[in-house]
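This report refers to the structure that appears directly beneath it.
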Amino acid sequence: MSGVVSLLRDLVQIPSPSREEGPIVKYLTDAFETLGWKAVREGKNLYTELGDEGPLLLLNSHTDTVPVGEGWSHNPLAAHIVDRKIYGRGSNDAKGCLAAMMYGAFAAFAKNPPKGRVLLAATCEEEISGQGLEQLLKILPKPDAAVVGEPTGLQPAVAQKGLLLLEVIAKGRSAHAAWGGGVNAVSAAARDILSLSNVSFDKSHPALGVPSLEVTQAHGGERHNVIPDRCKMVVDIRTTPTYTPEEIIDLVSKKVEGDVEVRSKRLVSVDTDPDHPIVQAAVAANPGAKPFGSPTVSDWVFLRDIPTVKVGPGDSHRSHTPDEYVTVSELEEGAAFYERLIREYFERA
Ligand SMILES: [Zn+2]
């Protein structure tokens, strides 16, 4: 079994749902030191710096996973290998990326080191947008470019949609249903929902297309015999860099009768110029790769002023599912890919 495979198996066998990363960080601290790296720990985040001088490249992935959940036919914490697939929670998202990054970075600096510095950071609480990369960046030197390790089949994502969550509160006036009168907030909400289904976005992003907007929750009324005076809707909007959150909030406000409140606008959309050296390096490291726009949110949101690609071994569709896996060849190719990416970047930076 290759080193990267046994590292990943160890990582999968240490459960690390968000907020419970302590044991895996302890394991990784030892693993960094075994590789000859100085391991620096900040909270539940861990990093090391490789190389002495030159541009600074951040390689980041996360140690936490979503909970194991139901429906597995393989033991989710055993990392059994069946038909060259390594099964387990986090194998694909994103412990495989982390293990491949570690091996890729180690190989890059073991002999013929590139003229640059790599900051390799294993961060916590990505799945809950918590105290991970966003906190660590406050104390790290600012990188010239970054790579976020997430399963993309080694295709570089050059843009990522953001998440804007709005609440629309339809208001009415209650009355006894038998007597009538009053103003029905659920009926008002229905008009708002229909109106929101007609929102169209005309400014398209080259990699992401247009934002999407869905009313995903609606709750109004408490009793069958009372005309409801309030109905709350939740609107899930996947944003692109072609609109500011404020523009979209304004657009929604003009479409609805209800009051619009912002539940979250922290997870912004991000993109990187496809001509930037970090994108070119990612394509050179995987010839034939096609830069694409990713609909899923990651810690890239906290790197918005740093040219970044999101790329790693595995398949995003397997993330958060039962029988999550990464294949042995994806993992080994991932490690070789990250080594090439590091070298290609410093030749261009
Ligand atoms: Zn992930």
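Key figures for this structure:
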| read-out | value |
| --- | --- |
| Selected residue [crowded, with 17+ Cβ neighbours inside 10 Å and either farther than 25 Å from Asn112 by Cα or at pLDDT 95 or above (or both)] from Asp271, Asp315 | Asp271 |
| Strands (runs of 3 or more DSSP E) within the stretch 277-345 that include 3 or more residues in the same structural domain as Arg84 (by TED's automatic domain parsing) and over 15 Å from the mean Cα position of the chain (by Cα) | 325-327 |
| Qualifying positions in the stretch 153-194 - hydroxyl-bearing (Ser, Thr, Tyr) and surrounded by 16 or more Cβ atoms within 10 Å (Cβ to Cβ) | Ser174 |
| Restricting the stretch 73-114 to residues that are charged (D, E, K, R) and crowded, with 23+ Cβ neighbours inside 10 Å, the residue that is nearest to the ligand (Cβ to nearest atom) | Asp93 |
| Condition broken by Tyr47, with the remaining ones in (1) aromatic (Phe, Trp, Tyr); (2) under 23 Å from Ala282 (Cα atoms); (3) out of contact with any strand residue (DSSP E or B) (no Cβ under 6 Å at 6 or more places or on another chain) satisfied | (3) |
| Yes/no for Ala122 being assigned to a helix (DSSP H, G or I), under 18 Å from Gly3 (Cβ atoms) and in contact with a helix residue (DSSP H, G or I) (Cβ under 6 Å, 6 or more places away or on another chain) | no |
| Only one of Val68, Val25, Val12, Val5 that is in contact with a strand residue (DSSP E or B) (Cβ under 8 Å, 6 or more places away or on another chain), assigned to a loop (DSSP other than H, G, I, E, B) and of a type in the set (A, V, I, L, M) | Val68 |
| Residue within the stretch 183-202 that is at pLDDT below 95 and farther than 30 Å from Asp271 by Cβ present | no |
| Every residue from the stretch 238-260 that is part of a strand (DSSP E or B) and among the polar types (S, T, N, Q) | Thr239 |
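The rows are residues; the columns are (1) in contact with a Pro (Cβ under 9 Å, 6 or more places away or on another chain); (2) farther than 30 Å from Pro274 by Cβ; (3) not assigned by TED's automatic domain parsing to the domain that holds Arg19.
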position	(1), (2), (3)
Gln131	no, yes, no
Leu136	no, no, no
Val148	no, no, no
Glu167	no, yes, yes
Trp179	no, yes, yes
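The values are calculated or read from the model by the stated rules, or taken from the named source; none is laboratory data. Since the structure is predicted, the reported quantities are computational estimates derived from the model, not experimental observations. Cβ sites come from the backbone with ideal geometry, for glycine too, and all protein chains shown count toward neighbours.
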